[in-house]
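The values are calculated or read from the model by the stated rules, or taken from the named source; none is laboratory data. Since this is a predicted model, take the numbers as computed values, not measurements. In this analysis, Cβ positions are derived from the backbone assuming ideal geometry, glycine residues included, and neighbour counts consider all displayed protein chains. SASA here: full protein model, heavy atoms, side chains in, ligands and nucleic acids out. Shrake-Rupley method; radii C 1.70, N 1.55, O 1.52, S 1.80 Å.
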Amino acid sequence: MQEDRSLIRARSLARRYTMGKEAVMALNGVDLDIQRGEFVALVGPSGSGKSTLLNLIGGLDRPSSGEIWVEDLELGQASDKRLVRYRRDRIGFIFQSFNLLPTRSAVENVEVPLMLAGQNRKARRERALDLLGRVGLGKRAGHKPSELSGGEMQRVAIARSLANSPALLLADEPTGNLDSKTGKDILNMLGELLRTQGLTMVLVTHDMNVASHADRVVHLLDGKIQRIETAAERNGYRAETATAEAIR
């Protein structure tokens, strides 16, 4: 029997919101498996359900029906206390707006998750400095966010997301506030981290250039998965297009 490498399993996943007297289905019967070590991009227009799905995977929201499993934990039935531990110990969050503490230095921002986990000051400082070195900011550790560029702030946020050695990174438009070159550099760095550390990443984006870095692209519309595109299919399409253009 082949080993199940799924890290995330969604079954008939639905999320319903009430707006006034009207019920809105943000997600409507989503089935999705994400494997360990995989990079998956969620794409779709505003209101397609991609951010709702990311929030459910991150334990920031609960489904109205269906199931969402991450390893051995079914998030919809988990207690609030268990979800707090899950978010702290098993998930690294990366946001579009960086969400850094403005009065704290880069190294102090990276230390925050470690402090919440109860690590002593010496251990968390060593860990934070090591992570900043890995993302190329070892010499900027003492600088506050106002003294850093957008790309540097996102690198600090990435270092912070790795602080507690999570199995899963969740990224919500991580290049949305960056210019195209800096955004590409950030994506390349994330890709290298995934390869070297065996991490899994789920990324929300509206930019297909960003999504093209993923192993699979999940296209959502009106709360449902329309199709799932693999890197091989995407590369095959590009090759066919290039051949057709050359023939012309």
*Filter the stretch 236-248 for residues that are over 30 Å from Gly29 (Cβ atoms) and at pLDDT 55 or above; which is least open to solvent (accessible area, probe 1.4 Å)?*
Ile247
*What are the residues in the stretch 102-135 that are in contact (Cβ under 8 Å) with a residue 24 or more places away in the chain and in a loop (DSSP other than H, G, I, E, B), if any?*
Pro102, Thr103, Arg104, Ser105, Ala117, Val135
*Considering only residues that are on the phi > 0 side of the Ramachandran plot and open to solvent by 10 Å² or more (accessible area, probe 1.4 Å), look in the stretch 185-226 and name the one that is modelled with the highest pLDDT.*
Asp222
*asked:* Take the conditions among the hydrophobic types (A, V, I, L, M, F, W, C), under 19 Å from the mean Cα position of the chain (by Cα) and open to solvent by 20 Å² or more (accessible area, probe 1.4 Å) and apply them to Leu129. Does it pass?
replied: no
*asked:* Looking only at strands (runs of 3 or more DSSP E) that lie completely in the stretch 1-84, which have at least 2 residues being at pLDDT 95 or above, in contact with a Ser or Thr (Cβ under 9 Å, 6 or more places away or on another chain) and within 19 Å of Gln226 (Cα to Cα)?
replied: 6-19, 22-35, 39-43
*Can you confirm whether the stretch 150-161 contains a residue that is within 24 Å of Leu203 (Cα to Cα), assigned to a loop (DSSP other than H, G, I, E, B) and open to solvent by less than 30 Å² (accessible area, probe 1.4 Å)?*
no
_Looking at Asp31, Asp61, can you tell me which residue is under 16 Å from the mean Cα position of the chain (by Cα) and on the phi < 0 side of the Ramachandran plot?_
Asp61
*asked:* Being of a type in the set (Asp, Glu) and either in contact with a strand residue (DSSP E or B) (Cβ under 6 Å, 6 or more places away or on another chain) or surrounded by 13 or more Cβ atoms within 10 Å (Cβ to Cβ) (or both) is the filter here; which residues of the stretch 75-109 pass it?
replied: Asp89, Glu108
